[in-house]
Amino acid sequence: MCLVALAYRLHPRWPLVLIANRDEAHARATAPAGFDPDAGDVYGGRDLVAGGSWLQVSTRGRLAAVTNVRRGLEPEQARHSRGWLVRDFVRGNAGALAYAEALQPQARAYGRFNLLMWDGDILAFASNVPEPVAMPVAPGLHAMSNGAFDASWPKSAHATRALAAWLADLPGEHGPAATPDTLAPLFDALADTAQAPDERLPDTGIGLALERRLSPAFIRDPVYGTRSSSVVLADAQSLVFAERRFGPDGAAAGASFDVLARTPQQRAG
């Protein structure tokens, strides 16, 4: 996952609305959004190489999303895949902040990560760059990409503006039913291929040419690019999970839209 924007406790019906793009090598084996065959309450995409995920939910009212943190072009030397963090949180019972805090002693064993976790109530953030950190996330609009949490990267600012506009346009307190049509403006925002001006680009140590190529919300490339766009909405009764998938050069490769009934969960703290 390389771009996540979310609205937390800003809408009376949906306490959590999340939009995200996953950027990855097109050759990396991936399972589309669906129920995990090893955990029947878990839904989302799966990385078939390392066994984790970039974005998953549990029908027990849990969600986790992860991005990598860019630090130059040197390959990472990590014992564990950051995608395991998503998998382990949504399968577990720990509260979001408790999980984030318990992760800190072993955080450096994972590839460089930004991690968001929601336990049905509390939203928490964890990272291992530059140092391990765990913190609750306040209500509001937030974004994370491949730098610091809430860093004002152009793609992050674009996504949060689009999310704010979508929420502002919802008619009535409860809004319309979530359908592929009502979510279309959010997918349109995730499909933006505009390159950011040089003066607004971050410096993550990869050189100007690559910063330019990776600056759009949606990356079109034959080898590495946006593999999927996702929209997730949570209310008291259900989780809506919509996904659009893409192949090399942004070619459409499928889509899904599912409404998952929430079931009770017992949190460990």
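Selection over region 247-262 of residues that are outside any strand (DSSP E or B) and in contact with a strand residue (DSSP E or B) (Cβ under 9 Å, 6 or more places away or on another chain) gives a count of 5.
Looking only at region 234-254, residues that are surrounded by fewer than 14 Cβ atoms within 10 Å (Cβ to Cβ), of a type in the set (A, V, I, L, M) and modelled with pLDDT of 95 or more come to 2 in all.
Could you tell me which residue of region 1-35 is surrounded by the fewest Cβ atoms within 10 Å (Cβ to Cβ), considering only residues that are hydrophobic (A, V, I, L, M, F, W, C) and assigned to a loop (DSSP other than H, G, I, E, B)?
Per the criteria, the residue is Ala29.
Of everything in region 137-178 that is at pLDDT below 95 and not hydrophobic (A, V, I, L, M, F, W, C), the residue that is nearest to Val69 (Cα to Cα) is Ser152. Looking for whichever is free of Cβ contacts under 8 Å to residues at least 24 places away in the same chain and in contact with a Phe, Trp or Tyr (Cβ under 6 Å, 6 or more places away or on another chain) here; the options are Pro180, Pro185. Which one fits? Step by step, each of Pro180, Pro185 is checked, and only Pro185 is free of Cβ contacts under 8 Å to residues at least 24 places away in the same chain and in contact with a Phe, Trp or Tyr (Cβ under 6 Å, 6 or more places away or on another chain). Give me a count of the residues in region 255-269 that are modelled with pLDDT of 95 or more and either among the aliphatic types (A, V, I, L, M) or touching a Ser or Thr at 6+ places or on another chain (Cβ under 9 Å) (or both). Within region 255-269, residues that are modelled with pLDDT of 95 or more and either among the aliphatic types (A, V, I, L, M) or touching a Ser or Thr at 6+ places or on another chain (Cβ under 9 Å) (or both) number 6.
The lone criterion from (1) surrounded by 15 or more Cβ atoms within 10 Å (Cβ to Cβ); (2) in contact with a helix residue (DSSP H, G or I) (Cβ under 9 Å, 6 or more places away or on another chain) left unmet by Asp38 is number (1).
Filtering region 66-115 to residues that are surrounded by fewer than 18 Cβ atoms within 10 Å (Cβ to Cβ), assigned to a helix (DSSP H, G or I) and in contact (Cβ under 8 Å) with a residue 40 or more places away in the chain leaves only Arg91.
Need a quick list: strands (runs of 3 or more DSSP E) entirely within region 117-220 having at least 1 residues that are of a type outside the set (A, V, I, L, M) and surrounded by fewer than 19 Cβ atoms within 10 Å (Cβ to Cβ).
Of the strands (runs of 3 or more DSSP E) lying wholly inside region 117-220, those with at least 1 residues that are of a type outside the set (A, V, I, L, M) and surrounded by fewer than 19 Cβ atoms within 10 Å (Cβ to Cβ) span 133-136, 140-144.
The residue that is nearest to Thr67 (Cα to Cα), among those in region 221-246 that are in a loop (DSSP other than H, G, I, E, B) and out of contact with any helix residue (DSSP H, G or I) (no Cβ under 8 Å at 6 or more places or on another chain), is Asp235.
(1) hydrophobic (A, V, I, L, M, F, W, C); (2) under 21 Å from His142 (Cα atoms); (3) more than 18 Å from the chain's Cα centre (by Cα): which one isn't true of Ala191, the others all being true? So the condition that Ala191 fails would be (3).
The values are calculated or read from the model by the stated rules, or taken from the named source; none is laboratory data. Values in this document were obtained by computation on a predicted structure and should not be read as measured data. Methodologically, a virtual Cβ is constructed for each residue, glycine included, from the backbone with ideal geometry; neighbour enumeration extends over all protein chains shown.
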